[in-house]
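Here is the structure we will look at.
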Amino acid sequence: MSEGHHHAREKSPSELRTMALEALLVERGLISTDAVDAVVEQFQNEIGPRRGARMVARAWVDPAYRERLLADGTAAAAEMGYGGAEGERLVCVANTPDTHNAIVCTLCSCYPWPVLGVPPVWYKSPPYRARMVREPRVVLREFGLELPEATAIRIWDSSAEVRYIVLPMRPDGTEHLDEEGLADLVTRDCMVGVAVPQVTEGVAA
Amino acid sequence: MDGIHDMGGMQGFGAVAPEPGEPAFHERWEGRVFGMSLTLWATGGPIGGMRSQLERIQPGRYLASSYYERWEHALEEMLAERGVLAPADVDRRIEGLRAGGRVPERSDPAMVEAVLADMQPRPPAEPEGGHRFAAGQPVRVRRISTAVHNRCPRYVRGVSGVVERLLAPDWLPENEDLGEQRRAPCYTVSFAASDLWPDDGADHTVLVDLWETYLEEAG
């Protein structure tokens, strides 16, 4: 009770509504403060794209894991200890020299939480949801990804209960890197499919 | 429901705006909304599915709201529908907060355990067969027209595609609205962009996951 309201900044309407809702639900015994804290803490510090990046890196160094990942994404994630809500049916789609994959959810913002965390604002935004299925080449170009005309583009709209993750191709010049070093190259955007892993000067052999 | 949420293929929204170094939650209250929702789901609390609630938001409000503003609004609606909140409860509480009231705190280790358990791998769902269509088979999406919650995007309705892969049967999205407990096989169906938007001149493929109830044989 030390931080009095008198020196608090002006609260936004959403902030006030949320505080009011939390107060009501705590009083009614429907939530506990520490349970909400735990969710926030997990998604801020534990559950994020680093998990997916570790899976990708393992698939790059371990052909048997790659095979398992592509055959059953849910089981391959569980092997690493990842799973739960919004990851019960995980499917991994692999980029090849001929094919580039990307994911979207046109109806809401379905996203593989256990391996990528919560989605970024742009993924949930009308422009991405509307345009990614219709003009992916243009959208990818806006992300700085220019694909050769001959590359087939496959856009996965997660409209039912499957959640998708893209397995990017391992870049050349990374033979000297270990799994952790490889995971450093795999950004969230690579696993959504709006980017491909980049090898920067310092990393290349 | 043919709502504003069904955005695939719409035009005029402008450019996608990525934010470098984006945090999981931009403001504290966003994390609280997310955390409250997951806590209620993990403990079997008095809310339903978020998807069906979000698409009922009036289109103007939907577009003007941020993602977590929509979630917060949907939470209030669901709790009110189930009698947990009276219409003026939140507004009255806001007045209390403005007057210096605080959010009470409560600890419940069992609830913490429940939310953490919900973030752990689960035993694999038993795959079941019963699929009417086979991989490689041409199918057409039915022209669904209903106010009931469904997951059949407008941009594929009436369009033919090819079954890419069979997915395990799953609960129908319509169950909650209809008070039913039905499952149906699911499919990933592959569509050519040239069939979806014939005048665009695009050459990509769109893969959409659909319940069997949305599909018919392509004649």
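The values are calculated or read from the model by the stated rules, or taken from the named source; none is laboratory data. Just so we're clear, the structure is a prediction, and the values are computed from it rather than from any experiment. Cβ coordinates were reconstructed from backbone atoms using ideal geometry, including for glycine residues, and neighbour counts include every protein chain displayed. Remember, those area values only see protein heavy atoms, side chains included, never the ligands or the DNA or RNA. Shrake-Rupley method; radii C 1.70, N 1.55, O 1.52, S 1.80 Å.
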Check: Out of (1) open to solvent by less than 50 Å² (accessible area, probe 1.4 Å); (2) within 20 Å of the chain's Cα centre (by Cα); (3) not polar (S, T, N, Q), what's the single condition that is false for A:ASP34?
Finding: (2)
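Yes or no, residue by residue, for (1) open to solvent by 10 Å² or more (accessible area, probe 1.4 Å); (2) at pLDDT below 95; (3) of a type in the set (Phe, Trp, Tyr):
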position	(1), (2), (3)
A:ALA8	yes, yes, no
A:GLY29	yes, no, no
A:GLU41	yes, no, no
A:TRP60	yes, no, yes
A:ARG66	yes, no, no
A:GLU79	yes, no, no
A:GLY84	no, no, no
Item checked: Condition met for B:GLU30 (closer than 30 Å to B:PHE13 by Cα and within 17 Å of the chain's Cα centre (by Cα)) -> no
Next item on the list: Just give me the residues in the range B:113-136 being among the charged types (D, E, K, R), more than 8 Å from chain A (Cβ to nearest Cβ) and part of a loop (DSSP other than H, G, I, E, B), in sequence order.
Entry: B:GLU126, B:GLU128, B:ARG132
Check: Scanning for something open to solvent by less than 10 Å² (accessible area, probe 1.4 Å) and touching a strand residue (DSSP E or B) at 6+ places or on another chain (Cβ under 7 Å), does the range B:194-203 turn up at least one residue?
Finding: no
Check: What about A:ALA20, is it aliphatic (A, V, I, L, M), open to solvent by less than 30 Å² (accessible area, probe 1.4 Å), modelled with pLDDT of 95 or more and out of contact with any Cys (no Cβ under 9 Å at 6 or more places or on another chain)?
Finding: yes
Check: Between residues in the range A:47-68 that are without any contact (Cβ under 8 Å) to a residue 24 or more places away in the chain and residues that are open to solvent by 10 Å² or more (accessible area, probe 1.4 Å) and part of a helix (DSSP H, G or I), which pairs lie under 7 Å by C-beta distance while being six or more apart or on different chains?
Finding: A:TYR65/A:ARG58; A:ARG68/A:ALA75
Note to self: Looking at the range B:124-140, can you tell me whether even one residue there is crowded, with 19+ Cβ neighbours inside 10 Å and under 23 Å from the mean Cα position of the chain (by Cα)?
What the structure shows: no
Next item on the list: Go over the candidates A:PRO127, A:PRO119, A:PRO97, A:PRO148 one by one and state the one that is of a type outside the set (A, V, I, L, M, F, W, C) and open to solvent by less than 10 Å² (accessible area, probe 1.4 Å).
Entry: A:PRO119
Notebook entry, point to check: For the range B:15-42, which residues satisfy the criterion of being of a type in the set (Ser, Thr, Tyr) and facing chain A (nearest Cβ under 8 Å)?
Noted result: B:THR39
Check: Of everything in the range B:85-112 that's small (Gly, Ala, Ser) and over 22 Å from B:THR39 (Cα atoms), which residue is nearest to the other protein chains (Cβ to nearest Cβ)?
Finding: B:GLY100
Check: Only one of (1) closer than 20 Å to B:LEU207 by Cα; (2) open to solvent by less than 10 Å² (accessible area, probe 1.4 Å); (3) in contact with a strand residue (DSSP E or B) (Cβ under 8 Å, 6 or more places away or on another chain) is not met by A:PRO168, so which one is it?
Finding: (3)
Check: Residues A:ALA76, A:ALA85, A:ALA130: which one is more than 7 Å from chain B (Cβ to nearest Cβ), of a type in the set (Gly, Ala, Ser) and at negative phi?
Finding: A:ALA76
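Per-residue answers, yes or no, for (1) of a type in the set (Lys, Arg); (2) in contact with a helix residue (DSSP H, G or I) (Cβ under 7 Å, 6 or more places away or on another chain):
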site	(1), (2)
A:ARG141	yes, no
A:GLU149	no, no
A:LEU167	no, yes
A:GLU179	no, yes
A:CYS190	no, no
Check: So which helices (runs of 4 or more DSSP H) stay within the range B:1-107 end to end and still have 1 or more residues that are more than 24 Å from B:GLU174 (Cα to Cα)?
Finding: B:28-42, B:59-64, B:67-81, B:89-98
Note to self: Anything in the range A:69-80 that is closer than 17 Å to A:THR96 by Cα and without any contact (Cβ under 8 Å) to a residue 12 or more places away in the chain? List them, or say none.
What the structure shows: A:ALA71
